[in-house]
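S.K.: Got a structure for you, written out below as structure tokens; questions coming shortly.
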Amino acid sequence: MNKHIETKITLLGAGPGDPELLTLKGVKALQTADVVLYDALTNEALLAHAPEAAIKVYVGKRSGEHSHSQGAINQLMIDYALNYGHVVRLKGGDPFVFGRGYEELDFAASYAVPVTVIPGISSSIGVPALQQIPVTHRGLSESFWVITGTTTNGQISDDIYQAANSNATVVILMGLKKLAQIVSVFKAAGKAQLPAAVVQNGSTENEKLVVATVEQLQAKVEEAQIEAPALLIFGEVVSLHPSFKNIIKQYAAIS
Ligand code: SAH
């Protein structure tokens, strides 16, 4: 009765938001999708690559309302794969950078459903790059950390304390609501004058950027009414951004 179906799952990184920042391999996977399960932070324009007949299901968790738990998403993914064939699980950025991608891979493995992972451009590197802020730069930064501002217990990661005491570039995801606390960690590490940036909705038309010293960051973020999704960048590399040079000039003029 059913046509022969080939059960498989592709965990696909959608990139930071701009639909053109999807890999060619990602486009090809979508073209052969029977079902697409997509998240809140993926651009719906990407669904146009999937066949018209493919089933497209939004499984995002928009802030506040949890429409689908991770367990429900895992189960849905398997049910669709067993019943329809190729499920493309479209996830914001890269599936393995705070994307819970491995949990989905692991769940699929427990049903012996084959999974292919297609990496995506993570917002953690891609969004700074689009602002022409390199995460490493000779003489300024020898490494970078990508840390969560919201761990499973709701607290900032302890790694932020260590990172703030290093010379590394520190990129913090899911940290906007904890900005005051994060700023105080950097200040306690003697970094009040460290250049920092906050980028909201990087690579999309709603993109907003704030560049400031750690000391001034929170006031500027409030003034600009920055909202999630946003990421924080702390490090000397932010001084390479042209607007930081202007800030230093203004600062020198008033002090
Ligand atoms: N897997 C994703 C990250 C998921 S966690 C990736 O690799 O990008 C979600 C967090 O990522 C958001 O809270 C925000 O901090 C950050 N983020 C995702 N897309 C973003 C964007 N376009 N601009 C700024 N921050 C973004």
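Here, each number is a calculation from the coordinates, and none is a lab measurement. These numbers were taken from a predicted model, which means no experiment stands behind them. Using ideal geometry, Cβ is built from the backbone for each residue, glycine included, and neighbour counts are taken over all protein chains shown.
S.K.: Neighbour counts of other C-beta atoms within 10 Å: give me ASP158, ASP18, ASP34 arranged from fewest to most.
M.R.: Arranged by neighbour count, lowest to highest, ASP158, ASP18, ASP34 become ASP158, ASP18, ASP34.
S.K.: Quick one: Karplus J couplings for segment 103-109, per residue in order, coefficients 6.51, -1.76, 1.60, θ = phi - 60°, nearest Hz, x for Gly and Pro?
M.R.: 5, 6, 4, 5, 5, 4, 4
S.K.: Give me the one-decimal nm value for the distance between modelled label points at GLU222 and ASP106, 7 Å along each residue's Cα-to-Cβ direction.
M.R.: Each label point is offset 7 Å from its Cα along the Cβ direction, giving 4.0 nm.
S.K.: Rounded to whole Hz and in sequence order, give me ³J(HN,Hα) for segment 147-162 from the Karplus expression 6.51 cos²θ - 1.76 cosθ + 1.60, θ = phi - 60°, writing x for Gly and Pro.
M.R.: Rounded to whole hertz, the list is 10, 8, x, 9, 7, 4, 8, x, 8, 5, 5, 4, 4, 4, 5, 5.
S.K.: When a footprinting reagent is the concern and you count Cβ atoms within 10 Å, what order do ARG138, ARG89 take, fewest first?
M.R.: Ranked by crowding around the Cβ, least crowded first: ARG138, ARG89.
S.K.: What spacing in nm lies between the two simple spin-label points modelled at GLU44 and VAL57, each 7 Å away from Cα in the Cβ direction?
M.R.: Going by the 7 Å Cα→Cβ label model, 1.8 nm.
S.K.: To check you understand DSSP bridge types, tell me what percent of the beta bridges within the chain (both residues inside) are antiparallel, rounded to 5.
M.R.: Looking only at bridges with both residues in the chain, the antiparallel portion is about 40 percent.
S.K.: Moving on. Return a whole-number percent for the relative contact order of the chain, with Cα pairs under 8 Å and 6 or more residues apart as the contact set.
M.R.: After rounding, I find 18 percent.
S.K.: What percent do you get for the relative contact order of segment 87-127 when only Cα pairs under 8 Å and 6+ apart count?
M.R.: 48 percent
S.K.: Right, next: Given the DSSP H assignment, sum -39500 (n - 2.57) over each helix run of at least 4 residues in the chain and divide by its residue total; what's the result at 222 nm in deg cm²/dmol, nearest 500?
M.R.: -9000 deg cm²/dmol
S.K.: Something else: Apply the Karplus curve 6.51 cos²θ - 1.76 cosθ + 1.60, θ = phi - 60°, to the phi angles in segment 48-60 and return the couplings in whole Hz, x for Gly and Pro.
M.R.: 5, 6, 7, x, 4, 6, 5, 7, 10, 10, 7, 10, x
S.K.: Mind pulling the angle between the C-alpha long axis of helix 179-188 and the longest principal axis of the chain? Nearest 10 degrees, somewhere in 0 to 90.
M.R.: That helix lies at roughly 50 degrees to the long axis.
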